[in-house]
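Q: Below is a structure I'd like to ask you about.
None of the figures in this text is laboratory data; all of them are computed from the coordinates on show. Computed from a predicted model, the values in this text were never measured in an experiment. Here the Cβ positions follow ideal geometry from the backbone for every residue, glycine too, while neighbour counts run over all protein chains shown.
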Amino acid sequence: MSNAMPIESVVDYPEDLYRFDRPGRYVDEVDQVTDAEAEQFADLGYLAVREVLAADEVAEVLDGLAEVLARPGRALVEYEAWAADRIEAASGDERMDLIRKFMLFVQEDQRLTALARHPRILSVVRRLCGSEDLTMMQDMALLKPPGGGREKPWHQDNAYFTLEPGTPIVGVWIALDDATAENGCMHVLPGTHREGPVVHFKRRDWQVCDDDVDRNRDTMIPLPPGGALFFHGLLHHGTPANRTAHRRRAVQLHYVPAGTPNIPDQRRLDIFGSEGKDVSC
Ligand SMILES: O=C(O)CCC(=O)C(=O)O
């Protein structure tokens, strides 16, 4: 089954909304994350690590995700809009290439439970959150299918969470395939987490308005499989469409210090914009 889409149908945003000429800063391994890297995170709002999971650990995560998907009803699945009439006929593996994202898998498979508790991941998150006790408050797989994986427009993850802006929310975005400029790797606007919450609007998604994006700051974070981007809940980030015939699968886990209280949803909407009712990241 081919799911290649005319690329124009998924590139429905200004071509210059993303820049591809400024790669970010990296460390190679988790062992190199010291206080200096935590300071960089505080300043820039992100920390990119080339190797967090080894190849066999990436394979385990992919097997776990495939198995959860094979059991109907176990995860909250959102297909790409163009895939609607193909879902029924698709085999398990083909289905992976129709899915935009799915959530709530960590409790469903012990390999995925182990990922959420991975000592290398938690050691970095503890340092960046400034807390020994953590709660993982969201798990999501973002599959951005070949030839039709839509953009995730610029946004702040905190806009989707009922958590007071300023809470030390740390997102961990882990590449399961090579995430490249062409297939929709992460892009960030360094330092924006220090500038507070901004109002989001329902356009292609619930997002920062294209005109409000400071494109000059766009920094691209390509990653190999097993590499991870740790980023602050208020950092502006987004991913362009997958323009290739290659998969760009990723998982994203969000952590906060244990015991962090939730705010009423109305307060979230007052801060981030009233169009954000019932949205998920
Ligand atoms: O992986 C992607 O394409 C975007 C992930 C993201 O930024 C999010 O869901 O908050």
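Q: Through the Karplus equation 6.51 cos²θ - 1.76 cosθ + 1.60, θ set to phi - 60°, convert the phi angles of region 213-219 into ³J(HN,Hα) values in whole Hz; use x for Gly and Pro.
A: Karplus-based 3J(HN,Hα) across region 213-219 equals 7, 7, 4, 5, 8, 4, 10 Hz.
Q: Moving on to the next point. Report, by chain and number, residues whose modeled amide H sits under 5 Å from the one on His246, excluding near sequence neighbours (fewer than 5 apart, same chain).
A: Amide H neighbours of His246: Gly147.
Q: Hey, another quick one. Taking the mean number of other Cβ atoms within 10 Å as a proxy for protection, how do you rank 38-51, 15-28 from highest to lowest?
A: Top to bottom by mean Cβ count within 10 Å: 38-51, 15-28.
Q: Using modelled amide H (1.01 Å from N, peptide plane; none on Pro or chain starts), what sits under 5 Å from the amide H of His200, excluding residues fewer than 5 places away?
A: Those qualifying (amide H under 5 Å, at least 5 residues apart or on another chain) are Gly273.
Q: Per DSSP H run of at least 4 residues, take -39500 (n - 2.57); add these up for the chain, divide by its residues and hand me the 222 nm value, nearest 500 deg cm²/dmol.
A: Taken over the chain, the calculation gives -6000 deg cm²/dmol.
Q: Compute for region 21-275: radius of gyration divided by Kirkwood radius, i.e. Rg/Rh, restricted to C-alpha atoms, rounded to two decimals.
A: Radius of gyration relative to Kirkwood radius: 0.94.
Q: For the pair Thr162 and Thr34, how long in nm is the line joining their label points, each one 7 Å along Cα→Cβ?
A: 4.3 nm
Q: Still on this structure, I have one more. How do Trp82, Trp206, Trp154, Trp173 rank when sorted from fewest to most other Cβ atoms within 10 Å of their own Cβ?
A: Taking fewest neighbouring Cβ atoms as first place, the list is Trp82, Trp206, Trp173, Trp154.
Q: Order by neighbour count: Ser91, Ser274, Ser131, fewest other Cβ atoms within 10 Å first, most last.
A: Ser91, Ser274, Ser131
Q: A further question on this structure: Between Asn183, Asn216, Asn158, find the one with the highest GNM mean-square fluctuation for the chain; connect C-alpha pairs within less than 10 Å.
A: Asn216
Q: Grab the Cα-Cα distance for Gln266 and Ser280, subtract it from 0.36 nm times how many residues apart they are, and report the gain in nm with one decimal.
A: Length gained between Gln266 and Ser280: 3.5 nm.
Q: Just for the chain, what percent of DSSP beta bridges are antiparallel, to the closest 5?
A: Counting only bridges with both partners in the chain, antiparallel ones make up about 90 percent.
Q: Sorted from largest to smallest, which semi-axis lengths in Å does the alpha carbon gyration tensor of region 95-197 give for its equivalent ellipsoid, taking the root of 5 times each eigenvalue?
A: 24, 20, 13
Q: Now a separate question. Enumerate the amide H contacts of Glu164 below 5 Å, restricted to partners 5 or more residues apart or on another chain; note that Pro and chain-start residues carry no placed amide H.
A: Residues meeting the amide H criterion: Ile263.
Q: Next up: Using the Karplus curve 6.51 cos²θ - 1.76 cosθ + 1.60 with θ = phi - 60°, work out ³J(HN,Hα) for each residue of region 83-95 in order, rounded to whole Hz, and write x for Gly and Pro.
A: Per-residue couplings from phi come out as 8, 3, 8, 10, 4, 3, 7, 7, 6, x, 5, 5, 4 Hz.
Q: For Lys277, Lys144, which order do you get if you count the other beta carbons within 10 Å of each Cβ and list the fewest first?
A: Going from sparsest to densest Cβ surroundings: Lys277, Lys144.
Q: Taking only pairs that are 8 or more places apart or on different chains, how many Lys pairs in the chain have Cα atoms under 12 angstrom apart?
A: Count of close lysine pairs: 4.
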